[in-house]
Amino acid sequence: MNIKKSILLRIRIAFLAISLISAISIIRIWVLQQGKWEEKFAKRDIRSRKIPAQRGNIYATDGSLLATSMPYYKVAIDPTIPDSSDFKKNIDSLARKLSDFFQEGTPTAYKNNIIKARKSKKRFIYLSNKRIDYQAKQKMSEWVLFKSEKASKSGKGKRGMVIFEPEYQRFKPFGMLAARTLGYISDDAGVGLEYAFDKQLAGKSGRALFQRISGGNWVPYNRSPYIEPEDGLDIYTTLDVNIQDVAQEALSEAVIDNEADFGCVVVMEVATGEIKALANLGRNEDGTYTENYNYAIGDRGSTDPGSVFKLASMMALLEDKAVKVTDYVDTEDGIKDFYGVRLNDVKKGGFGTITVQRMFEVSSSIGIAKLVNDRFKQTPTKFIDYLQKFGLNTPLDFQMAGEAKPYIKTPQDPTWSATSLPWMSIGYETRISPLQMLAFYNAVANNGKMVQPIIVKSIKNADEVIQDFETIVLKEKICSDSTIMLLKMLLEGVVERGTAKLARNNLYKIAGKTSTSQKFKNGKYVKAYHTSFAGFFPSQKPKYSCIVVIDNPRGERQYGGDVAAPVFKRVADKLFYQDIELQRSLSLGGLPNNNFVATQVPAYTSILKQAYQALGVLPQSIDTTAEWTKASFNPDASISLQKADVKKGFMPNLKGYSLRDALFILENRGVKVKVEGQGKVYQQSVRPGRGIGIGDKVTLKLR
């Protein structure tokens with residue numbers, strides 16, 4: 001190797017060595033300084049963050065607000081903004097206001113904390129963890145050092161040091177009314193309208209750059225572009241607040257009185273399918289009831305429908321020309337063997353030989369099972385085809401999530417047996433939700449036209465209609481006009497002469513069917529019942545259809561006619577009496593509106609008389625000398641006054657009383673009263689009829 005090449009090689013080796021040592025030194029310095037640079041970088045960290053949009057409102061059919069987003073704010077400050085003279089002049093006044101407002105510290109403590117943050121040049125500190133409402137925000141914005149001054153002629157303004165960090169919370173003005181139907185939405189779950197229409201209600205989030213400052217807080221980066229959020233759209237429902245209130249109150253009393261597992265009420269407008277009320281209540285472990293599930297549409301409410309299904313069986317028999325309502329059927333002695341399995345009628349000894357019409361009115365399971373089995377046992381698929389034609393096997397494609405799919409057994413099902421046909425005819429071995437069954441009854445009321453139930457009428461952006469939802473016809477005709485006419489007559493007879501006499505009203509006709517089906521648990525039917533009543537009113541000119549379900553009543557009453565039918569009547573009567581146009585359509589003129597009358601709730605007699613005189617109402621009085629009187633609105637539109645059972649020295653039954661009246665009675669007797677909840681009395685710690693006097697304690701629970 002010559003000298004030149006040797007020198008070049010040595011130079012290259014030396015260069016590589018120096019480069020390697022330099023690289024190692026740089027890496028080492030970087031490692032040693034990493035924590036310091038990361039800390040400095042963190043203080044200048046700038047990121048894009050989402051700005052949430054304000055969620056849209058949900059309205060009732062009359063424009064009443066059912067759900068809205070209320071703004072709340074956390075209060076922070078940037079104490080570096082005011083100049084020294086303003087700060088020194090006004091800090092004491094501000095500290096006093098903060099102490100009075102938040103009541104979390106003395107004025108001196110607030111003052112010292114703000115001064116300390118200012119000296120440390122902290123640009124963002126929270127004054128409290130409390131959240132304030134919009135009115136408080138407006139008031140606080142006018143405080144010294146918080147108030148922003150408008151720009152002068154030179155173009156320069158002065159920004160206040162307060163920072164309001166907004167948060168939106170969902171608020172329901174009517175409290176728990178239709179709470180489950182309205183629903184909620186969270187990061188990982190949701191139910192009801194809030195969930196089903198989340199895309200429309202949520203709006204579109206905005207974007208802005210935020211800078212992380214000392215203390216780890218994020219503040220808007222003033223020099224960044226800002227993408228405004230787009231507020232959510234508004235949902236207009238078909239719900240009627242008054243009808244919902246009536247349905248929910250009637251349901252609440254029924255499930256509590258009967259200690260039921262759950263219950264639901266759905267009220268629908270016949271012609272349009274618009275749902276006017278949707279109430280659900282389920283029993284909690286502590287015995288209270290809340291809207292914990294939508295039983296009207298979901299799987300947990302979808303069960304063997306029982307005798308309300310007999311309407312479909314009668315429809316199939318009439319369409320197939322198998323029977324006439326004047327034909328006779330032998331219901332035997334109340335016991336019938338079907339392929340080795342015994343079927344019992346509710347009446348011991350049976351109904352004997354009766355007409356088909358009477359069989360339906362008294363809900364003879366043996367009668368309907370014999371007719372269906374005799375007609376279709378050789379061709380059971382023909383019976384199933386009729387049920388499909390009636391729309392009972394097709395989902396409704398309802399606007400809310402969670403709709404249960406109907407289940408109608410077919411001969412291809414591995415569980416099909418010889419008893420499947422007669423048992424299906426009386427509402428067993430099937431699964432149908434209350435809403436699905438109501439849609440079927442509504443079709444009968446609607447002269448055979450089946451319409452899709454609807455709960456959202458339109459979506460709007462302010463006054464601009466974005467989308468309208470019109471009535472959708474699922475089936476133009478589920479059966480012939482002659483069959484519809486006969487079925488309406490049969491359903492009316494159930495109320496007038498059959499199992500639903502407790503739903504009868506002398507002023508207008510109700511058409512419907514009761515049901516009491518045994519519950520299926522652990523592979524067998526047990527002595528627990530699923531009761532219901534489905535129907536429509538007025539039967540002469542149907543305007544509303546309704547279904548009531550009371551599951552597993554534990555009281556003395558166990559049948560649909562005793563448990564569910566009275567709830568239906570209460571809802572129907574309220575709607576009828578407050579709808580003057582409906583009364584006039586039946587040529588009844590206008591009846592006194594019982595919204596004015598405290599029906600069945602005792603009131604102070606002298607005050608009640610004054611109220612009636614002011615309204616021009618002349619009640620029929622039985623005992624007007626009584627201190628407390630109970631008013632009843634009679635079926636013939638007259639009002640009766642009866643002496644209320646409010647005896648001195650004894651605990652009265654205060655259920656249904658307003659708090660004012662309950663307190664008036666008890667405190668006049670020297671009783672100490674503890675009140676829980678709001679509304680009317682539904683429970684009292686001392687049972688009615690027990691002796692009570694001065695110094696005794698009573699707890700009243702209201703809802």
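Residues that are of a type in the set (S, T, N, Q): which helices (runs of 4 or more DSSP H) entirely in region 347-430 hold 2 or more of them? First the steps, then the outcome.
Values: elements: 356-361, 365-376, 380-389, 420-425.
The qualifying helices (runs of 4 or more DSSP H) are 365-376, 380-389, 420-425.
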* Could you grab me the full set of residues in region 270-315 that are in a loop (DSSP other than H, G, I, E, B), among the aromatic types (Phe, Trp, Tyr) and surrounded by fewer than 24 Cβ atoms within 10 Å (Cβ to Cβ)? => Tyr293
* **Failed condition for Thr394, given (1) under 23 Å from Asp481 (Cα atoms); (2) at pLDDT 95 or above** => (2)
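Just one of Thr394, Thr381 is in the same structural domain as Ser363 (by TED's automatic domain parsing), closer than 30 Å to Lys199 by Cβ and among the β-branched types (Val, Ile, Thr); which is it?
Values: Thr381 fails: closer than 30 Å to Lys199 by Cβ.
Result of the check over Thr394, Thr381: Thr394.
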* Go through region 128-154 residue by residue and tally those that are within 18 Å of Asp86 (Cβ to Cβ) and touching a residue at least 24 places away in the same chain (Cβ under 8 Å). => 5
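Within region 664-682, can you find the residues that are closer than 23 Å to Ser252 by Cα and either surrounded by 15 or more Cβ atoms within 10 Å (Cβ to Cβ) or touching a Cys at 6+ places or on another chain (Cβ under 6 Å) (or both)?
The initial filter retains those residues of region 664-682 that are closer than 23 Å to Ser252 by Cα, namely 674-682.
Scanning region 664-682 gives Lys680, Val681, Tyr682.
Examine region 34-46 for a residue that is of a type outside the set (S, T, N, Q) and either modelled with pLDDT of 85 or more or in contact with a Phe, Trp or Tyr (Cβ under 6 Å, 6 or more places away or on another chain) (or both), and state whether such a residue exists. Outline the logic, then answer.
In the first step, residues of region 34-46 are kept if they are of a type outside the set (S, T, N, Q); the result is 35-46.
Those left that are additionally either modelled with pLDDT of 85 or more or in contact with a Phe, Trp or Tyr (Cβ under 6 Å, 6 or more places away or on another chain) (or both): 46.
Yes, region 34-46 contains a residue that is of a type outside the set (S, T, N, Q) and either modelled with pLDDT of 85 or more or in contact with a Phe, Trp or Tyr (Cβ under 6 Å, 6 or more places away or on another chain) (or both).
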* Structure fact -> Expected single match for surrounded by fewer than 18 Cβ atoms within 10 Å (Cβ to Cβ), modelled with pLDDT of 85 or more, at positive phi and of a type outside the set (A, V, I, L, M, F, W, C) among Gly175, Gly203 is Gly175
* To do: Quickly run through region 92-131 and pick out the residues that are at pLDDT 90 or above and β-branched (Val, Ile, Thr).
  => Thr106, Thr108, Ile114, Ile115
* Condition check for Thr471: of a type in the set (Ser, Thr, Tyr), touching a Gly at 6+ places or on another chain (Cβ under 8 Å) and closer than 29 Å to Met400 by Cα -> yes
* Condition met for Ile478 (crowded, with 19+ Cβ neighbours inside 10 Å, within 30 Å of the chain's Cα centre (by Cα) and within 16 Å of Leu438 (Cβ to Cβ)) -> no
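Kindly provide the set of residues from region 76-135 that are among the hydroxyl-bearing types (Ser, Thr, Tyr) and crowded, with 17+ Cβ neighbours inside 10 Å, ordered by number. It would help to see each step written out before you state the result.
As a first pass, look at region 76-135 and keep what is among the hydroxyl-bearing types (Ser, Thr, Tyr): 80, 84-85, 93, 99, 106, 108, 110, 120, 126, 128, 134.
Residues satisfying the conditions are Ser99, Tyr110.
Among the residues of region 472-505, which ones are within 19 Å of Asp562 (Cα to Cα) and in contact with a strand residue (DSSP E or B) (Cβ under 9 Å, 6 or more places away or on another chain)? Walk me through it before giving the result.
So the first thing to find is which residues in region 472-505 are within 19 Å of Asp562 (Cα to Cα), and the list is 491-505.
Within region 472-505, Leu491, Glu492, Gly493, Val494, Val495, Gly498, Thr499, Ala500, Ala503, Asn505 qualify.
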* Starting from region 257-276, take each residue that is closer than 12 Å to Thr181 by Cβ and in the same structural domain as Gln436 (by TED's automatic domain parsing) and list its partners that are of a type in the set (A, V, I, L, M, F, W, C) and part of a loop (DSSP other than H, G, I, E, B), counting only C-beta distances under 7 angstrom and pairs at least six apart or across chains. => Cys264/Ala296; Val266/Ala296; Ile275/Leu239; Ile275/Ile455; Lys276/Leu239
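The values are calculated or read from the model by the stated rules, or taken from the named source; none is laboratory data. As the structure is a prediction and not an experimental result, all values here were calculated from the model. Neighbour counts are summed over all protein chains in view; Cβ atoms, including those assigned to glycine, are modelled from backbone coordinates with ideal geometry.
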